[in-house]
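Asks: Have a look at the structure that comes next, please.
The values are calculated or read from the model by the stated rules, or taken from the named source; none is laboratory data. Every value quoted in this text rests on a predicted model; they were computed, and no experiment measured them. Note that we place each Cβ from the backbone using ideal geometry, even for glycine, and neighbour counts take in every protein chain shown. Please note that ligands, DNA and RNA were not included when accessible areas were found on the heavy atoms of the full protein model with its side chains. Shrake-Rupley method; radii C 1.70, N 1.55, O 1.52, S 1.80 Å.
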Amino acid sequence: MWLLFAVFLIFALGAIFTSFQSGLIMLLAAGMFVPKINRLIKDKTNITITPGGRAVVALVCFGLFFYTSNKALDADRAERSAQQALVSQQKAEQALKEKRDYVSANKDAILAEMNVLTDKQDYAGATALGSKYSDAGSFEIDQELSKVAGQKAEVEKQQKKSTLLTSIASIQQGDYKRLAGTYAQLAAIDQTYQANADKFSRLATQQTREAETREKAAAEKALRRSMGLIWNYSDGEDNMSGKPVRRAYVSSLNTVDFKFPYSGVQRATLTIRKHPRWGTSVYVAIEKGQFVCGYDDCDVRVRFSKGNALRMSASEPDDHSSNLLFISSASSFVAQARKSEKIYIEADFYQEGSRVFEFDSSDLEWK
């Protein structure tokens, strides 16, 4: 017990220098291990303190000891921090006072040096010098600092203006988008360029719309070509002469659906062919059905764009196929087709009567 008493006493003596309250707690814990004190407690209260009781008291005292010690350390740290902050504040106030005293005594020299740097267009140096003393309470230095900032901004604006004006010469005159953007930047510097900015902005918008229209038209044209609704071209070779055969062909814009046994939606196909042995021919064909055209040939009605309908003679092919008709006067037909946007061909069909087929003839390239 005396050993434990000595241990707790050492803790108490060590703690009392940092926290008087912690030291008293450890002295109380040490007293629980002094036999004379134990006998005194028993005599006075008739309570015997067992070893287990002493252990509980010791643990409680240890807990209180650590709690009070930490509180004391926290309070000590807070006090030191407050003292350091006070010292730092005093140093800052002293430094500010010294700076103000220095500026008060040397204000004219500082302003003169800022003016020299500004005259040399060393705005960064003048700004750095003025910023160094901007918190010294000198209205003149703060005013000069604002003046430097204004002059710097104006010089930068003029430099940017010069650069933009130079860049305009390198922009293609048809590049309205870049011109509009460049003039808009110039207008932000100088309002006299606003009219040009507005003009090229309108032209750029119009140019964009026209480009979108062209792209849309090109996409539609590509789709119509894939469907065969505008002229497609093919080149081949005549096996007998070895000379080239050229064809231009287009499907009708409208469709027909005949009765059995030729039922099913179909388009007619108009073909122009240039053959080394048979010359230029024009013929119209369908996938299923029979043109009505006897041995003495027949007529078809043809109308080019908004012109009057013409009767043109037609004939069956040599193999008497009933789904194809050759139209006479091929050269005249091609000449008018090249000048037409639309071609309408009306022909008679077996048990179907007359039917009209509409063809898109624009952009025909044929020589």
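Asks: Given 0.36 nm per residue, what is the gain on full extension from K132 to S362 after removing their alpha carbon distance, in nm?
Replies: Gain on extension, K132 to S362, equals 75.0 nm.
Asks: Non-local amide H neighbours of T280 (under 5 Å, H modeled in plane, Pro and chain starts lacking H): which ones?
Replies: Those qualifying (amide H under 5 Å, at least 5 residues apart or on another chain) are H275.
Asks: Using packing as a proxy for protection, rank 143-151, 278-286 so that the peptide with the highest average count of other Cβ atoms within 10 Å comes first.
Replies: Per-residue Cβ counts within 10 Å, averaged per peptide and sorted highest first, yield 278-286, 143-151.
Asks: Please find the FRET efficiency linking S354 to Q172, where r is the Cβ-Cβ separation and R0 is fixed at 56 Å, and quote it to the nearest 0.05.
Replies: 0.50
Asks: I've got another one for you. What is the Cα centroid distance between segment 194-240 and segment 286-336, reported in whole angstrom?
Replies: Value for the Cα centre distance between the two parts: 33 Å.
Asks: Moving on to the next point. Each residue of segment 151-160 in turn: what ³J(HN,Hα) in whole Hz from Karplus with 6.51, -1.76, 1.60 and θ = phi - 60°, glycine and Pro shown as x?
Replies: Result, rounded to whole Hz: 5, 4, 4, 5, 4, 5, 4, 5, 5, 5.
Asks: Could I ask something else about it? Excluding residues fewer than 8 places away in the same chain, name every one of the lysines whose C-alpha is closer than 19 Å to that of K91.
Replies: Output for K91: K99, K132.
Asks: Assuming R0 = 45 Å, can you tell me the calculated FRET efficiency for the pair E79 and N106, based on Cβ-Cβ distance, to the nearest 0.05?
Replies: 0.65
Asks: Here are some pairs, K243/K306; K221/K306; K107/K152; K274/K306; K120/K160; which of them have Cα atoms lying more than 30 Å apart in this structure?
Replies: K243/K306
Asks: While we're here: Counting only residues 5 or more places away or on other chains, whose amide H sits under 5 Å from the amide H of V245 once H atoms are built in the peptide plane?
Replies: G236, E237, D238
Asks: If you don't mind, there's one more thing I want to ask. Could you report segment 215-367's accessible area per residue, 1.4 Å probe, as an integer in Å²?
Replies: 58
Asks: Follow-up. Relative to the present Cα-Cα distance, how much length would full extension add between Q159 and K99 at 0.36 nm per residue of separation?
Replies: Once the chain is fully extended between Q159 and K99, it gains 17.9 nm.
Asks: Then there is this: List, in order, the whole-Hz ³J(HN,Hα) value for each residue of segment 240-246 obtained from phi through the Karplus relation with A = 6.51, B = -1.76, C = 1.60 and θ = phi - 60°; use x for Gly and Pro.
Replies: So the J values, rounded to whole Hz, are 7, 9, x, 9, x, 10, 10.
Asks: Assuming 0.36 nm per residue, please report the length gained on full extension of the stretch N254 to A195 beyond their Cα-Cα distance.
Replies: That pair, N254 and A195, stretches by 16.1 nm at full extension.
Asks: So how far apart, in nm, are the two label points at C298 and Q207 if each is 7 Å from Cα heading toward Cβ?
Replies: 5.7
Asks: Need one value: the accessible area of D297 in square angstrom, 1.4 angstrom probe, rounded to the nearest 10.
Replies: 80
Asks: Further question: Ranked highest first by the average count of other Cβ atoms within 10 Å around their residues, in what order do 330-339, 317-326 fall?
Replies: Descending packing order for the listed peptides: 330-339, 317-326.
Asks: Kindly write out, for segment 193-198 in residue order, the coupling ³J(HN,Hα) from the Karplus curve 6.51 cos²θ - 1.76 cosθ + 1.60 (θ = phi - 60°), rounded to whole Hz, with x marking Gly and Pro.
Replies: Whole-Hz 3J(HN,Hα) from phi for segment 193-198: 8, 5, 4, 5, 4, 5.
Asks: Taking the alpha-carbon centroid of each part, what is the distance from segment 340-356 to segment 266-281 in angstrom?
Replies: After rounding, the separation between the Cα centres reads 17 Å.
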